[in-house]
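Rule-based calculations on the coordinates, nothing more; no lab input. In this text the structure is predicted, and so the values were computed from the model without any measurement. So basically every Cβ, Gly included, is an ideal-geometry build from the backbone, and we count neighbours across all protein chains shown.
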Amino acid sequence: MSRLTPLADRFPRRTLWALVFAFAFQCVVFSGSRIFTAAWLHRDMTSALDRAVPFWPWTVSIYVAAYLFWAANYNLAMFQGEERAWRFLAADILGKAVCLGFFLAMPTANVRPELPSKAPLGWMLRIIYALDRPDNLFPSIHCLDSWLCWAAVRGRKNIPAAYRVFSLVMALAIAASTLTTRQHVLADAAAGFLLAELCWQLAGHTGLAAGYRRIWEGSQPR
């Protein structure tokens, strides 16, 4: 048990439950909002510039790899000290709450292109299209989460510089893949990045993170 003590000290139970709650809240925001908006009018924000972006089905590999990237960096964010961990968690919850507001107040959708029969990794993109309806697009949660994952490691000297650079490149690549797979449009991606950075700054320079931490300290044992 002694070998597990340092890990337990750095990853308190309340932080773990807050991380689980963040995942559950995202599911509610993304899927639960559809219960209310399914029959509502949805806006298509596709622009002429979006139509000029190439359609590359093979980039679905990057789109799907985002889930592994998030798992790694969400976990990594929890081991940067409690202050930074709570900043990350507070920024994440705030970002998803803002997304929920947009999903309800301004529902968006787009029209997906027909997949060529022999498109590279077309089978994978067909699965994504089948599982994920083309709505709840603005802001892009894919881009929001990816930018937060970059912010979590940004400037951290205890994390290898190569991985910090990789995280930035990966965040940008994921954003690009949302466009080249026609999962999102430019406005969605830009809004996701902007919202993530805004929430990160608010969580770090206001009492938001400390307040969110106090909520969990009052509800969960150490």
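Would you mind giving the three semi-axes, in whole Å and largest first, of the ellipsoid equivalent to the range 70-141 according to its Cα gyration tensor? Intermediate results must be reported in sequence, preceding the final value.
Values: eigenvalues 207, 78, 8 Å².
Computed over the range 70-141, the values are 32, 20, 6 Å.
Rounded to the nearest 20, the size of the Cβ-charge dipole of the range 39-118 about its Cα centre is 160 debye, with Lys and Arg at +1 and Asp and Glu at -1.
Helix 60-77 axis versus longest C-alpha principal axis of the chain: approximately 10°, rounded to the nearest ten.
Under the definition of Cα pairs under 8 Å and six or more residues apart, what whole-number percent is the relative contact order of the chain? Could the numbers behind the result be given before it?
Working: 271 pairs, mean separation 71.9, N = 222.
Value for the chain: 32 percent.
Fewest first, what order do Leu89, Leu137, Leu115 take by the number of other Cβ atoms within 10 Å? The partial results should precede the final answer.
Details: Leu89 23, Leu137 28, Leu115 15.
By the 10 Å Cβ count, ascending: Leu115, Leu89, Leu137.
With the cut-off at under 14 Å, measuring from each backbone N in the range 64-91 to a point 7 Å along the Cα-to-Cβ line of Arg164 picks out no residue.
Computed from label points 7 Å out along Cα-Cβ, the spacing between Ile35 and Ala65 is 3.7 nm. Backbone geometry of the range 150-165 corresponds, through the Karplus equation with coefficients 6.51, -1.76 and 1.60 at θ = phi - 60°, to 3J(HN,Hα) couplings of 5, 4, 4, 10, 4, x, 8, 5, 7, 10, x, 4, 4, 6, 5, 5 Hz, x marking Gly and Pro. Once the C-beta distance of Asn75 and Leu194 is scaled by a Förster radius of 25 Å, the resulting FRET efficiency is 0.50 to the nearest 0.05.
Exposure proxy shown here: for Tyr129, Tyr74, Tyr67, the number of other Cβ atoms within 10 Å sets the order, fewest to most, as Tyr67, Tyr129, Tyr74.
Proximity of backbone amide H atoms, modeled 1.01 Å from N, is registered between Asp44 and Ala109 at under 5 Å, excluding neighbours fewer than 5 places apart on the same chain.
Would you calculate a helix-derived [θ] at 222 nm for the chain, using -39,500 (n - 2.57) for each DSSP H run of n ≥ 4 and dividing by the full residue count, to the nearest 500? The partial results should precede the final answer.
Values: 11 runs with 147 residues, N = 222.
Dividing the helical sum by the residues of the chain leaves -21000 deg cm²/dmol.
Model label sites at Trp58 and Ile128, defined 7 Å from Cα along the beta-carbon direction, differ in position by 1.4 nm.
Taking the Cβ of each residue in Met106, Met45 as the centre, tally the other Cβ atoms inside 10 Å and list the residues starting with the fewest.
Fewest-to-most Cβ neighbours within 10 Å comes out as Met106, Met45.
Residues whose amide H falls under 5 Å from that of Asp135, counting only those 5 or more places apart or on a different chain, are absent, with hydrogens built in the peptide plane. Each label point was placed 7 Å from the Cα along the Cα-to-Cβ direction; for Ala48 and Leu16 their separation is 5.6 nm. Taking the Cα atoms of the chain, the ratio Rg/Rh between the radius of gyration and the Kirkwood radius comes to 1.00.
Mean-square fluctuations from a GNM of the chain, with a 10 angstrom spring cutoff on Cα atoms, peak among Ala161, Ala97, Ala85 at Ala161.
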